[in-house]
Amino acid sequence: MQILQSIISGIPQGALYGLTAFGIVLIFRTVGVLNFAHGNSGMLGTYMGLTFYLMTNNLILSLLIGVIFGFFVGLVIERFLMRPIKQLSHGAMLMVTLGLLMVIEGLVMLIWGTDYFTFPEIASGTPFIFFLENGVIVLPKNDIFITIISVSIMLFLAIFLKFTKLGIAIRARSQDEVGALTTGVDINKVDAIVWGIGIATVSLVGMLAAPKTYIHPNMMINLQLYGVTAGVLGGFSSLFGAIVGGLLLGIIEKLVGVYISPDYQLSIILILIIIVLIVKPSGLFGNEDKGRV
């Protein structure tokens, strides 16, 4: 029964890891760069959501404002930082994201300081309790909403990429930039939208995780680390792999914390990732033919 409780408790955190990984992998597949500032870029959206909440006390609008602001942060990053240098090399873009990570952290400290801020849960109150033959299963209401929101957004984005004209253009650009250009795809527009979607999703992740992590300048470091790890586990060439990798990571993290020790959660997960990379370098669901992995 404790195993089942651990698995259920790990799914909400895994959904957040999966949503973080989804944005990281989407940008990587499309633009070809691993965004080191992914978490911190989303932190700007999280802080903007916090600011709006402190002004209005309206949680739903605050979440929307944070996501929208995160989308525009992604647009700005692509237009003014990535676009001017993307013809140089992916290495140059990588270094810019590394510098951006430190710039955003300093900017957040300058504007909001280093204090820890609380952020409300979407749903609070008495958790759902299920009495089974061998024990009790507890489901906090907020964890249920986190899982539903995260999974719904990932499914919505998957459908968007699969069936809409813009989504098809994004997939075409990720598979063959030259081919996409010859068919009339606006590469700059596609890149900007992809960056916007990626940062918007991680902005939402920050706000959903904030009731437990609090909002502070270093809040996104672990989330980004686990997001990248989920991408590696599932495969950087597969958005589906990123989602499943995040869910698996959340469950494994919880099982390790319960049956071994919370102090060894990250170490054991990283060892697992090394084993996966040795056995299947492309990840569990990655395509061997994708040269970027």
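The values are calculated or read from the model by the stated rules, or taken from the named source; none is laboratory data. Remember, predicted model here, so these are calculated numbers, not experimental data. Note: ideal-geometry Cβ built from the backbone for every residue, glycine included; neighbour counts use all protein chains shown. Just so you know, the surface numbers come from the protein's heavy atoms only, side chains and all, with ligands and any DNA or RNA stripped out. Shrake-Rupley method; radii C 1.70, N 1.55, O 1.52, S 1.80 Å.
A Cβ distance below 6 Å, combined with a sequence gap of six or more or placement on separate chains, defines the contacts here; from the stretch 257-270, residues that are of a type in the set (Val, Ile, Thr) reach residues that are surrounded by 12 or more Cβ atoms within 10 Å (Cβ to Cβ) and part of a helix (DSSP H, G or I) in the pairs 258/6; 268/256.
Restricting the stretch 153-173 to residues that are in contact (Cβ under 8 Å) with a residue 12 or more places away in the chain and more than 19 Å from the chain's Cα centre (by Cα), which is farthest from residue 86 (Cα to Cα)? Per the stated criteria, the residue is 166. Taking the conditions (1) open to solvent by 80 Å² or more (accessible area, probe 1.4 Å); (2) touching a helix residue (DSSP H, G or I) at 6+ places or on another chain (Cβ under 6 Å); (3) basic (Lys, Arg) in turn, residue 173 satisfies each one other than (1). The single residue among 80, 131, 52, 117 that is in contact (Cβ under 8 Å) with a residue 60 or more places away in the chain and either open to solvent by less than 60 Å² (accessible area, probe 1.4 Å) or aromatic (Phe, Trp, Tyr) (or both) turns out to be 117.
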